[in-house]
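The structure under discussion appears below in the form of structure tokens.
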Amino acid sequence: MGGAQARLILASTSPQRRAILEQLQIPFKATAPQYVEADVPGLAAAELVRLHAEGKARSVHAEGQLTLGVDTAVILDARLYGKPEGREDTERMLHELSGRTHTVVSGVCLLGAGEDVVAHELTDVTFRLLSAETVATYVESREWQGRAGAYAIQGLGGRLVERIDGDYLNVVGLPGALLVSLLERHAPNLLQTA
């Protein structure tokens with residue numbers, strides 16, 4: 001996203017987050033965060049993703065730039081579902097999410113906009129009742145790798161979902177409505193399309 005035009009620094013290597021910013025026509029440059037996520041026992045999920053989003057943003061932030069950090073997790077029955085460690089972990093997660101409503105929570109941190117802003121977004125996702133065959137087919141796809149909650153709604157994982165309540169882009173990996181709202185207030189020049 002070229003030239004001297006103002007742009008956002010995205011503290012992420014996520015292709016989904018890059019695709020969302022491209023879709024929303026927000027100029028950006030992605031850079032890998034230098035932050036190691038460590039879960040803090042007893043911290044609520046919303047606070048945890050906010051903490052990780054801020055850590056990611058601060059790890060690459062430099063004076064004079066606008067930096068975005070994002071972290072996403074899945075919660076069911078107050079239990080945090082991160083990225084699965086392998087096939088068995090994926091199967092377990094999908095069976096536990098089957099036929100139930102879970103919450104996708106994303107923390108967002110925007111640095112360098114006159115004030116540091118940390119916020120979060122919640123989206124409820126209801127899975128269909130999944131057969132063992134459906135779970136096995138999805139596990140074979142390997143699409144679950146590196147995905148909080150062991151699925152990707154924007155791909156084959158969309159077959160698992162019955163309905164959502166909230167921001168679809170949040171489930172993909174970046175709460176678009178929240179980000180646009182924050183940019184309207186703190187960096188409206190980034191929303192001007194060429």
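Couple of notes before you dig in:
- Relative to the current alpha-carbon distance between residue 13 and residue 40, full extension at 0.36 nm per residue lengthens the span by 7.4 nm.
- Shown are 167, 77, whose ranking by accessible area with a 1.4 Å probe and every protein chain present, most to least, is 77, 167.
- Residues of the stretch 89-124 falling in the label zone of residue 77, defined by backbone nitrogen less than 15 Å from a point 7 Å along Cα to beta-carbon, are 92-103.
- Solvent exposure of the stretch 57-110 as accessible area per residue, Å², 1.4 Å probe: 43
- Near-label residues of the stretch 54-87 by backbone N, under 17 Å of a point 7 Å along Cα→Cβ of residue 145: 83-87
- Per residue of the chain, the DSSP helices (runs of n ≥ 4 H) give a summed -39500 (n - 2.57) that works out to -9500 deg cm²/dmol at 222 nm.
- Considering all C-alpha pairs of the stretch 1-153, those separated by over 24 Å amount to 38%.
- Additional length obtainable on full extension of the chain from residue 122 to residue 62, 0.36 nm per residue less Cα span: 18.7 nm
- With θ taken as phi - 60° and the Karplus curve 6.51 cos²θ - 1.76 cosθ + 1.60 applied, the whole-hertz 3J(HN,Hα) list for the stretch 89-100 is 5, 4, 4, 4, 4, 5, 5, 5, 7, 4, x, 10 Hz, x standing for glycine and proline.
- Amide H contacts under 5 Å for residue 39: none, restricted to partners 5 or more places along the chain or on a different chain, H placed in the peptide plane at 1.01 Å from N.
- Just so you know, the averaged projected area of the alpha carbon convex hull for the stretch 74-194 sits at 8.6 nm².
- Think of each Lys and Arg Cβ as +1 and each Asp and Glu Cβ as -1; about the Cα centre, that makes the dipole of the chain roughly 440 debye.
- Cut-off 17 Å, label 7 Å out along Cα→Cβ of residue 131, residues of the stretch 84-99 by amide N: 95, 98-99
- Expressed as a whole percent, the accessible surface of the chain that belongs to carbon and sulfur atoms is 47, based on a 1.4 Å probe.
- Distance histogram in 10 Å bins (all Cα pairs of the stretch 41-108, percent per bin): 20, 40, 28, 11, 2
- Surface/4 estimate of mean projected area, convex hull on alpha-carbon atoms of the stretch 1-76, nm²: 5.9
- Backbone phi angles across the stretch 57-69, fed through the Karplus curve with coefficients 6.51, -1.76 and 1.60 (θ = phi - 60°), yield HN-Hα couplings of 4, 5, 5, 10, 5, 10, 3, x, 10, 9, 10, 10, x Hz in residue order; Gly and Pro are listed as x.
The values are calculated or read from the model by the stated rules, or taken from the named source; none is laboratory data. Model, not experiment: these values are computed from the prediction. Quick reminder, even Gly has a Cβ in these numbers, built from the backbone with ideal geometry, and neighbours come from all protein chains shown. All accessible areas refer to the heavy atoms of the entire protein, side chains included, with ligands and DNA or RNA removed. Shrake-Rupley method; radii C 1.70, N 1.55, O 1.52, S 1.80 Å.
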